[in-house]
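Where a number appears in this text, it was derived from the coordinates with a stated rule and is not lab data. Keep in mind that what you see is a predicted model, and the values were worked out from it rather than measured. Reconstructed Cβ throughout: ideal geometry from the backbone, glycine too, with neighbour counts over all protein chains shown.
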Amino acid sequence: MLTKFARIVATGLLATLAVVAQPKPDDVWARAKSTLEWSFAVDLLPCNTSPAAAVCRLDVAPASEAAWGSALTNPSPVVVVPATGTDLALAARIAEARKIIIAIDASTGPLAAPEAALKAVQPHGVRIKVWANPAAWERSGVKTLAAIYMLRANLAGAFLEPGMISDEFLKEAYRLEMKPLAWALPARDLQRTVATVDALVAYHQAYASRTQGVRRLGGITPEERTQLESVIPATAPAKPKKARKLLVFDLNVGRFGHPSIPYANLAMQLIGARTGAWEATVSSDPAILHPASLRQYDAVYLNNTIGDIFSNAEVRDAFASYMANGGGLIGNHATTVTATDWKEFGNILGARGASHRMTDERVTVNVEDPAHPVTKAFGAGPFEYADEYFRFQAPWSRDKVRVLLSIDSRKTDMNQGRCYGQCYRDDNDYAVAWIQQYGKGRVFYTTLGHNPHVFQNKQMLEFFTAGIQYALGDLEADATPKPLPRAAAHDAILRDLAAWDRGRDQGPVRRLERALDMPEAKLVAFLRQSGVSVAAKEIVCRQLAEIGTAAAVPALAELLNKAETADMARYALERISAPSAAEALREALSTAPNVKVQTGIIHSLARRHDARLVGALSNLLDTSDPRAALAARNGLGMIATPQAERALNTVRLTPETADALLTLAEQAPADRAVPIYRKLLASTGASDVRVAALHGLARRAASADATPALVSALADPSFDIQAAAIAELARVAPAALVAQYPKLTSSAARVEGLHQLAAIPESTARPLVLEGAGSTDQKVRVAALTCLADLGTAADVPLLLEAAIRPEPDASAARFALTRLRGSAVDDAIVRALPSSAAAAKLELIRVAGERGLTSAAPALLTEASSADARVRRQSIRALREVGAPEHAAALVALLPKVADDDRTDLEAAVAASVRRSATPSVQPLLAAWNSATDDDYRQSLINALAGVGHADGLPVLRANLSSANADLRRAAVKGLAEWPSPDPIDDLLRVAQSAPGGSPIQVLALRGYVRQVQVPSGRTPENSAKLLAIAMKASHRADEKKVVLAALQRTPAAESLEIAKAAESDPEIASEARVAVAALQRALAARRN
Amino acid sequence: MIVPGSALGLNGAVPPSDRITIGHIGVGGMGTGHVRAFVQNADVQTVAICDVRREHREAAKSIVDTAYGNKDCALYNDFRELLARPDIDAMVMACPDYWHALIGLEAARNRKDMYYEKPMSMSIAENQAMRDAVNRYGVVFQFGTQQRSDAGYRFACELVRNGRLGKMRDIMIGTATAPFSPDLPEEPIPAGFDYEMWLGPSPWAPFNTRRCTRDWTHIHDYSLGCLSGAWGIHDVDIAQWALDADHSGPVEVEATGVFPGKGLFDTAKEFDAVLTYANGVKLSIMDMPTAVKKRPQFRLQWMCMVFEGSDGWVLVGRNGLQAEPKSLLREVIGPNEVRLPRSANHRRNFLDAVKTRTRPISHIDAAVRSDAVCHLSDISMRLGRKLRWSPEKEQFVSDEAANRQLSRTLRSPWRI
């Protein structure tokens, strides 16, 4: 047995290795190498293998020159050696002589800390470097991106474990232009890494042009430098209290950085030098933010920084206390998205968020306080300026920071171009620059500075100079927040709303709705203001509907007199509880401009149950306009006073009047409602009204009072009335229904009666139902059998069994009842009756046992599964699929070698279901059987059953059979793996899909299974899934499979999916599916961008 | 009681006198689907179509005419004329949300049974008026929440009802997400489209094709958006079913929402409404992106709901179930446990109820209570605060401003 398992495991391993060799990533490597100057190796293999990999390892460092020589007969360009026991001086000589890189493995041991590794290699020249393992760093809490930054010049490469930090790590290495580097990638997850590298190459190709700005760091052209020097301020606004040191820091973690960064760096250095206001140090080394070094700077300018620039929590805390204790911070533009998972940094800076529109959004900027020293360069303003403006989120608030510059949203088109993120604030307040105090520290921030031109502009540089001098502590400036006066804010909201119209931006409306402290008086005044759009008035009326009081009534009443504005006034007046609101509506009734408005007013008053309206409505009952007459009837019904009732009783009983009376009765107390129902029931009107009256009577009258009327309604000539009476009797007087049932004459009424009797709990109706079950009237009989589902007991099992073997429709009704009967006694009766029943009845019992999920029937069913009667065998096996428990698995497996071919599939499913029914499924019975099975049909069944269970323990058997000599077993294995519930066999399937003859049934099965498993939810990104589907597309030989791949791509929103789908459009066989996929993907990708 | 159609002799040929005569009101995308489906039933005779768009009603008529091989199906622009026909037994209504209650009330007054598309209406007062009218006239009412006729959702509810998840804690819903809010300029009204009738009880607004086709469902004059009519009500209704709350509801609601600042839409784009039931269970209704942030399970299926109890969770959506522990999915609910009514087809369930005068699976009480959950969420979101609700009185507890939101005033001359 052990040998056998060893064989299976070994085969599985070989299969895995074969698969990783399959998706030749050569083209990806080639592209990556030419673009990024990196080399790649699959796994970190021992040196001296042939051919030499890009990087290899030595498990023990050679101790002498000779030992090095024999260890490196076929050396790779990069050789990784252990951190302990390596003589680095010797290694450096070897490396120099052979022109190779020797890298010390810093993934474990004493050099696991990047600082220690750096210290160790630095003295030994450029050929001794560090070999990194980012996953190990992450596990031990080292911040990988900070580490790569520290090591960048001394890094030879890294072992990348996909799924950890590798994507970011690769990107950062790329951003830092680190080359040459060698990467080793684990074979077991090669596809993922190939995908990452490929994405990076694509990234490079797409962004190469954009990165030039940053990459020209220090490479600003001479012309630009001359221009910049010409706009540098000659003097600073304040005289420095002492020599100031300014740290200008521009690290972008995982990003390319804004194009303006080098210009700002240079400008700050030049300003400091020319004005003597500070001495600037430019850096992007995160170590400089460590407390010991930070301390020497009077202020830090985070120049468009992005990402987590602080190496760890201590550095963060130290920065916060540096600020609280009097440090200075200057930020511009992207600084708001620095260290985004550190909440306090948002508080230090005063804002978060980077939602924006175009990079050249043209904006009118208000200078909030012309006398403020920081904005002196702009005079009194306002001024127009184009740049990329951020819309800030919490914690930003005008109440917390001193706003210096802001967007004038009335003079600015706030909808220019596309919005990236949330471009609207409820308060319509968009700051451009501010200062604030953080403890004893000072902060200056502006959203400006996306574009280089900001730092080529004299006014802007003067502004920055003043802001920096404030942060340094040299320029005295008032940082007290200036909240907008609420009155002014309210006026601004209403001013924006006045011109609003339907179909326009909802912004002004939202702002009014959000202004919870808007005084009612302002809204009332707004209604009377001239130059206000009708739509705006309607919005204000809706607000008054929420908060309005008697104070709003006169202004609202004025609106009632015009058809155009009458409805909006009703919104509010209908809901203002003050009597004056009702009065205003009543008065307007006679002066309403038309009948439409008049009926609207009636509805509003009716909703208020306004009793004082009855007189006016009574006068309208016989008015010539049918709309007003109907409204009057309905209104009287809603008001429901005795006076209203009297008025309605004076008019002819039309269906409309009857409806009003029914409404009235529902509102009125029972002693008034019941006579109304009686009157309507006795009327000669339409049966609709009488049915409604009957329901009302049954609901509102005391049971004893309603029952005689309901009983006499059973004899009504209208079946509608009979049916309603039966239903109501069942509810209010079930005993009466039981007593009256024998008197029902028509078949329809009896059927109706049986359906209602079934709903009576603890029913005395059982004898009636049993009698019905023997009726010669088919409809009655079927209804009665159906009712036994609810009323039947274990005693009725024989009766139902007998009916179940009769022809339809009896059979269906009886089966329905047998399946639904409640009680464990029923279960027992079924199990007991099973062995001794005749074949037809036995078949029914077996079916019912299955449908009821009777595990207690399993032993009997196992016996019947070997019955001589083929139908009984089959039905039993099917039922066992529903009831088989884990303890029956072995017995079911034992049936497999004997089963008839027709029943084989069902039995395999029964085996699988019984195993799966455990909370901790075990496939041991199946594996045990496998080891002794010799018959190929039996083995095929076992494979199918293992596949049906889908437990990992069964996987080796299926994998081993991929190479079985028997084609049926091979096929069963592929089929099982294709349907496997987890994506574990995805690589096996791909191998088959790529190696089996194209279009053969096995290849098609494998390919479809592979595509399905790619789509099983996992942590994989859509981009990476698209890569896997690209492989599937290449392996598809027939249009059918290509369509399956297209369908999968359609659900995988990635740029590559779109590319593949677009390419498929040129294949006429699949063009229409491809077009559908292209359209869907474009939609999905656009939605994702939004 | 739910009776199988076959037991009623509903298979096979049905004499014309025994057929249910049906009129369809609203035959856009969804309504046309209903026309196609109902006309297939041997015991149905489709006799009338109503829509305010000529091309829609004519297209629907051609489906009916083709099925019957005649030209008998009548066309209407005004639903009141269709409902006044005494020879029509039932209506199938699939209009924009703000029309639902008005048409439903008119149908009840004319004693029509109704297959009534979700949601219920634009306010709790309208819901109550509908419930009164359905009870008053004893008409059969089926709400268009067809997930109750889906075995997967029913199974999830039965797991909850029978305590298979242990003590229930949270029910979370990830519903649809509104698209980008567009700017829509006024356009000329196309010929054959009765725009005044389309607007009906809602405030006047300039015509635009998208306002009247795909986009009305994100405009608060016409709908509560993704929270309710544009999907949410489906899952809310299942949550109510699982909680056995067809005659009650939550006691507290706290909802937050982010509304588009510009463009035509004014229903929340992102939202998280948390409703607490008297037994402590919390129901959260969220748009999908918000849901994904709240629970990782939402990555498993786009638009779905998750039931979470002390002993496990089960996720259910239109694409099936998932659970932890996985063995939950193999649980068998026996005949001696709480078993919910079985319905395999929502329309068939309605037709069977019409014939037996019984309550369909999505009956009026369930509909009103489920719909109320969406309204409570919308009101809390718009008022921006937590509200207490009395399911018995169907009112907010001592909160006048909130109670003023329980009804909407309709444009004259429309009324509820």
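For the reader, a short list of remarks on this structure follows.
- Relative contact order of chain A, defined on C-alpha pairs under 8 angstrom at six or more residues apart (%): 5
- By the Cβ rule of 4.7 Å, chain A holds the following cysteines without a possible disulfide partner: A:541, A:787.
- Rounded, prolate or oblate (a/c below 1.5 giving rounded, otherwise prolate when a/b exceeds b/c) for segment A:668-768 by Cα gyration tensor: oblate
- Partner shielding of A:787-793 amounts to 1, given as the average count of beta-carbon atoms from other chains within 10 Å of each residue beta-carbon.
- Here's the list of lysines a cross-link from residue A:143 could span, going by alpha-carbon distance under 17 Å and ignoring same-chain residues fewer than 8 apart: A:171.
- Computed [θ] at 222 nm, deg cm²/dmol, the protein assembly as shown (DSSP H ≥ 4; -39,500 (n - 2.57); rounded to nearest 500): -14500 deg cm²/dmol
- Counts of other chain beta carbons within 10 angstrom of each beta carbon in peptide A:805-818 average 3.
- Global geometry of segment B:84-167, whether rounded, prolate or oblate, following the gyration tensor of its Cα atoms and the 1.5 cut on a/c: prolate
- Taking chain B as a Gaussian network of alpha-carbon nodes connected by springs under 10 Å, the highest mean-square fluctuation of the residues B:370, B:284, B:181 belongs to B:181.
- Taking amide H positions as modeled 1.01 Å from N, with prolines and chain starts lacking one, the residues under 5 Å from residue A:392 and 5 or more places away or on another chain are A:431.
- Taking segment A:513-638 and dividing mean pair separation by its residue count, relative contact order in percent (alpha carbons under 8 Å, at least six apart): 18
- Peptide ranges A:556-569, A:779-792, A:627-640 listed from the most packed, as the mean C-beta count within 10 angstrom indicates: A:779-792, A:627-640, A:556-569
- For peptides A:221-227, A:339-345, A:539-545, sequence by mean Cβ density within 10 Å, most packed first: A:539-545, A:339-345, A:221-227
- Under 20 Å from the Cα of residue B:71 - lysines, other chains or at least 8 residues apart: B:61
- In this structure, the amide hydrogen of residue A:103, modeled 1.01 Å from its nitrogen in the peptide plane, lies closer than 5 angstrom to those of A:79, A:80, A:81, A:129, counting only residues at least 5 positions away or on a different chain.
- Most mobile listed residue (B:367, B:230, B:401) in chain B, GNM with C-alpha springs under 10 Å: B:401
- Measuring against 24 Å, Cα to Cα, the residue pairs B:118/B:269; A:245/A:440; B:269/B:393; A:842/A:898; A:1043/B:269 contain B:269/B:393; A:1043/B:269 as the ones spanning a longer distance.
- Counting Cβ atoms of other protein chains within 10 Å of each Cβ in B:330-338 and taking the mean gives 5.
- Measuring between their Cα centroids, segment A:895-948 and segment B:92-126 lie 54 Å from each other.
- Calculated diffusion of the protein assembly as shown, Stokes-Einstein form, Kirkwood radius summed over Cα pairs, 25 °C and 0.890 mPa s, µm²/s: 64
- Integer Hz, Karplus 6.51/-1.76/1.60 couplings in order for segment A:906-923, x for Gly and Pro: 5, 5, 4, 5, 5, 4, 4, 4, 5, 5, 5, 6, 8, 5, 10, x, 10, 9
- Most to least packed among A:900-913, A:601-614 [average Cβ atoms within 10 Å]: A:601-614, A:900-913
- Taking 0.36 nm per residue of separation and subtracting the Cα-Cα distance, full extension of the segment from residue A:73 to residue A:654 would add 198.2 nm.
- Spatial separation of Cα centroids for segment A:842-875 and segment A:416-486, in angstrom: 80
- Cα shape, segment A:370-496, gyration tensor, a/c 1.5 rule: oblate
- DSSP bridge pairs, the protein assembly as shown: antiparallel proportion in percent, nearest 5: 45
- Amide hydrogen proximity for residue B:304: with H placed 1.01 Å from N in the peptide plane, the residues at 5 or more positions away or on another chain lying under 5 Å are B:174.
- Total formal charge among the other residues, if their Cβ is under 12 angstrom from that of residue A:751, Lys/Arg +1 and Asp/Glu -1: +3
- If you take the Cα centroid of segment B:340-373 and the Cα centroid of segment A:255-317, the two points sit 68 Å apart.
- Cα-based reach from residue A:779 at 16 Å (exclusive), listing lysines while leaving out same-chain residues under 8 positions away: B:355
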